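*Asks:* Below is the structure I would like to discuss, written out as structure tokens.
The values are calculated or read from the model by the stated rules, or taken from the named source; none is laboratory data. Quick caveat: nothing in here was measured; it's all calculated off a predicted structure. A quick note on method: Cβ atoms are made from the backbone with ideal geometry, for glycine too, and the neighbour counts reach across all protein chains shown. What goes into the accessible areas is simple: the full protein's heavy atoms, side chains included, and nothing from ligands, DNA or RNA. Shrake-Rupley method; radii C 1.70, N 1.55, O 1.52, S 1.80 Å.
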Amino acid sequence: MRFTVKLVFTPLTVKGDSTIVETRLITLDAGSHLNKTAVSYANLKETLPVAAGIVLHEPDGAVVADAANGYITYVDPTNGPDNGKIFMGAAVPAVVKEAKTVLFSEQEKKQHNNADGHVLAISDYEPESEYVYYWGFAWNKADIKTADAWNQYMADFA
């Protein structure tokens, strides 16, 4: 079984061009921890950087940003003492030029619903192509119990 959704966004402005249309095709196969997302930008005329990212809710959360192997992960705590932890991740088949953590200032946190920042995997988007990445999660009270096991899952997938 597979869930699929296609999103076509209203035009956005990139470098003064207001005709850029972003399309995302997201699929999730039954039993998989990771969604596949294929992003394209119609009418884009030059190569530009694009990022896959994860919102950080704890500034001290365990983060892996591995550009060489094309994946990022983050351990997100849940609310409540017995709710466990959520392991977040993204894998990018394209060359990842840079993987990094960006933390927000106090003012930026207010603008971003109290998020502490992002962990990002940055690649180049080529016009008339698709930027594909995989993103998803696991819960430590289900089949993947530890951050190390999640990081291994993401490394193997990537």
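*Asks:* Name the long-range amide H neighbours of GLY117: under 5 Å, sequence gap of 5 or more, or other chain; modelled H, no Pro or chain starts.
*Replies:* LEU56, PHE104
*Asks:* Over all alpha-carbon pairs in the chain, figure out the percentage whose distance exceeds 27 Å.
*Replies:* Values: 3589 of 12403 pairs.
For the chain, the fraction of Cα-Cα distances above 27 Å is 29 percent.
*Asks:* Here's something else I'd like to know. Find out how many positive minus negative residues lie around PHE157, taking Lys and Arg as positive, Asp and Glu as negative, among other residues whose Cβ is under 14 Å from that of PHE157.
*Replies:* On the way: positive: LYS36; negative: ASP29, ASP66, ASP156.
That works out to -2.
*Asks:* How far, in nm, would the chain grow between PHE3 and ASN113 when pulled straight, counting 0.36 nm per residue and subtracting the alpha carbon separation? Show your work: numbers first, answer last.
*Replies:* Working: separation 110, 0.36 × 110 = 39.60 nm, distance 2.88 nm.
Fully extending the segment from PHE3 to ASN113 adds 36.7 nm.
*Asks:* Which net charge results for the neighbourhood of GLU126, defined as the other residues with beta-carbon distances under 14 angstrom from its beta-carbon, given Lys and Arg at +1 and Asp and Glu at -1?
*Replies:* Values: positive: LYS45, LYS97; negative: GLU46, ASP124, GLU128, GLU130.
It works out to a net charge of -2.
*Asks:* What is the angle, in °, between the Cα long axis of helix 147-157 and the longest principal axis of the Cα atoms in the chain? Nearest 10 is fine, range 0 to 90.
*Replies:* The angle comes out at about 40 degrees.
*Asks:* Would you please classify the overall shape of the stretch 14-66 from the alpha carbon gyration tensor, given that a ≥ b ≥ c denote the square roots of the eigenvalues, rounded means a/c under 1.5, and beyond that prolate means a/b larger than b/c while oblate covers the rest? Could you put the intermediate results ahead of the total?
*Replies:* Working: a/c = 3.03, a/b = 1.46, b/c = 2.07.
Taking the square roots of the gyration eigenvalues as a ≥ b ≥ c, the stretch 14-66 is oblate.
*Asks:* Further question: Given the rule -39500 (n - 2.57) for each run of at least 4 DSSP H residues, summed and divided by the residues of the chain, what is its mean residue ellipticity at 222 nm, to the nearest 500 deg cm²/dmol? Intermediate values should be presented prior to the final figure.
*Replies:* Working: 2 runs with 17 residues, N = 158.
The helix-only estimate for the chain comes to -3000 deg cm²/dmol at 222 nm.
*Asks:* Can I ask one more? Residue-wise, which Karplus ³J(HN,Hα) couplings in Hz belong to the stretch 72-79, taking 6.51 cos²θ - 1.76 cosθ + 1.60, θ = phi - 60°, and x for glycine or proline?
*Replies:* 9, 9, 7, 9, 9, x, 9, 7
*Asks:* Contour minus end-to-end for ASP124 and GLU98, with contour as 0.36 nm per residue of separation and end-to-end as the Cα-Cα distance?
*Replies:* Numbers: separation 26, 0.36 × 26 = 9.36 nm, distance 1.02 nm.
That pair, ASP124 and GLU98, stretches by 8.3 nm at full extension.
*Asks:* Okay, next question. So if each residue of separation counts as 0.36 nm, and I subtract the Cα-Cα distance between VAL14 and THR78, what length gain in nm does that give?
*Replies:* Between VAL14 and THR78, full extension yields 19.4 nm more.
*Asks:* Separate question: Taking amide H positions as placed in the peptide plane 1.01 Å from N, state which residues far from ASN35 in sequence (5 or more) or on other chains have amide H under 5 Å from it.
*Replies:* TRP135, GLY136
*Asks:* Now a separate question. Please list the non-local residues whose amide H lies under 5 Å from the amide H of TRP139, H modeled 1.01 Å from N, same-chain partners needing a gap of 5 or more.
*Replies:* PHE87, ILE144
*Asks:* Still on this structure, please answer the following. Counting only protein heavy atoms and using a 1.4 Å probe, what share of the accessible area of the stretch 100-158 belongs to carbon plus sulfur, as a whole percent?
*Replies:* Details: 1810 of 3680 Å².
Exposed carbon and sulfur together represent 49 percent of the surface.
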